[in-house]
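**Q** Sending over a structure as structure tokens; questions will come in a sec.
The values are calculated or read from the model by the stated rules, or taken from the named source; none is laboratory data. From a predicted model like this one, the values you see are computed outputs, not experimental measurements. Because the Cβ atoms are built from the backbone with ideal geometry, glycine has one as well, and the counts that use them run over all protein chains shown.
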Amino acid sequence: MTPLPKDLPSSISEQDRDTAVQRLKEAYAEGHISHEEMDEGLHRVLTAKTRGELAPTLASLPPEKPSTTSTIAAASGRIKRRGAWRVPRTLKVESAFGSAHLDLSRAVIEYPVIDIELQLGTGKARITVPRNATVDLEKLRTEWKVSLYKPRRNPGPGGPTIRISGTMGYGRLKVRHARR
């Protein structure tokens, strides 16, 4: 049996590909690249097989912003954020028995995409998003009750994308758009 060469290029994981796509989207949203450049970059990222094939596309983008991840945790009780609070790029909300209420309607949102990761045991969660936000619940797992969310027909231009993921035990998630 012939051993494999040691210098094989490392293949791309789905997380690598997702990160590269996200960087392209953020560069486009911030006006660093044109629509055509984003299309070309997306094609290269989605067809790349190795990290080496990704490198030229990512090297042409502005430097990546420092990761901004915050965690709000409570064993029981309420987790509440409202008013003019600064929303990090990634927000982790963890509670075994408590509830969570996040109001993003007046929050300072600096990123085109916000990831909210819920790890809730028995508590419920309520998230109010801006009127023009787009909400993605694809990666949220619920054990007991279904999530309540009615998407807006036309959220309007320029709003952030709020991606909600994680696991909820026996509570229910209710997502609604702000009225104003």
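**Q** Within the set of pairs 6 or more residues apart or between chains, which connect a residue that is outside the structural domain of Thr19 (by TED's automatic domain parsing) inside segment 78-95 to a residue that is basic (Lys, Arg) and not in a strand (DSSP E or B) with Cβ atoms less than 6 Å apart?
**A** Between residues of segment 78-95 that are outside the structural domain of Thr19 (by TED's automatic domain parsing) and residues that are basic (Lys, Arg) and not in a strand (DSSP E or B), the close pairs are Gly83/Arg106; Ala84/Arg106.
**Q** For Ala107, indicate whether it is over 13 Å from the mean Cα position of the chain (by Cα), outside the structural domain of Pro130 (by TED's automatic domain parsing) and among the small types (Gly, Ala, Ser).
**A** no
**Q** Looking only at segment 20-28, decide whether some residue is more than 18 Å from Arg89 (Cα to Cα) and surrounded by 15 or more Cβ atoms within 10 Å (Cβ to Cβ).
**A** No - not one qualifying residue is present in segment 20-28.
**Q** Hey, any hits in segment 13-21 for a residue that's within 25 Å of Ala133 (Cα to Cα), acidic (Asp, Glu) and modelled with pLDDT of 90 or more?
**A** no
**Q** Output the number of residues of segment 68-87 satisfying the condition of being on the phi > 0 side of the Ramachandran plot and either exposed (fewer than 11 other Cβ atoms within 10 Å of the Cβ) or touching a helix residue (DSSP H, G or I) at 6+ places or on another chain (Cβ under 6 Å) (or both).
**A** Qualifying residue count for the region: 1.
**Q** Determine whether segment 92-110 contains at least one residue that is under 26 Å from Asp18 (Cα atoms), surrounded by fewer than 16 Cβ atoms within 10 Å (Cβ to Cβ) and touching a Lys or Arg at 6+ places or on another chain (Cβ under 7 Å).
**A** For segment 92-110, residues under 26 Å from Asp18 (Cα atoms), surrounded by fewer than 16 Cβ atoms within 10 Å (Cβ to Cβ) and touching a Lys or Arg at 6+ places or on another chain (Cβ under 7 Å): present.
**Q** If you don't mind, another one. Could you grab me the full set of residues in segment 137-164 that are crowded, with 16+ Cβ neighbours inside 10 Å and not in a loop (DSSP other than H, G, I, E, B)?
**A** Leu140, Thr142, Tyr149, Thr161, Ile162, Arg163, Ile164, listed by residue number.
**Q** Between a first residue in segment 17-31 that is closer than 16 Å to Ala59 by Cβ and a second residue that is modelled with pLDDT under 85 and of a type in the set (Lys, Arg), which pairs have beta carbons less than 9 Å apart while being 6 or more apart in sequence or on different chains?
**A** Glu26/Lys65
**Q** Just one of Ile127, Ile162 is closer than 28 Å to Glu37 by Cβ, touching a residue at least 24 places away in the same chain (Cβ under 8 Å) and touching a strand residue (DSSP E or B) at 6+ places or on another chain (Cβ under 6 Å); which is it?
**A** When all the criteria are applied, what remains is Ile162.
**Q** Would you check which residues across segment 29-67 are in contact with a strand residue (DSSP E or B) (Cβ under 9 Å, 6 or more places away or on another chain), charged (D, E, K, R) and surrounded by 14 or more Cβ atoms within 10 Å (Cβ to Cβ) and list them?
**A** Arg51
**Q** Among the listed residues Thr57, Thr69, Thr47, identify the single one that is of a type in the set (S, T, N, Q) and at pLDDT 90 or above.
**A** Thr47
**Q** Could I ask something else about it? Got a number for residues in segment 28-62 being under 22 Å from the mean Cα position of the chain (by Cα), under 21 Å from Pro160 (Cα atoms) and not hydrophobic (A, V, I, L, M, F, W, C)?
**A** 7
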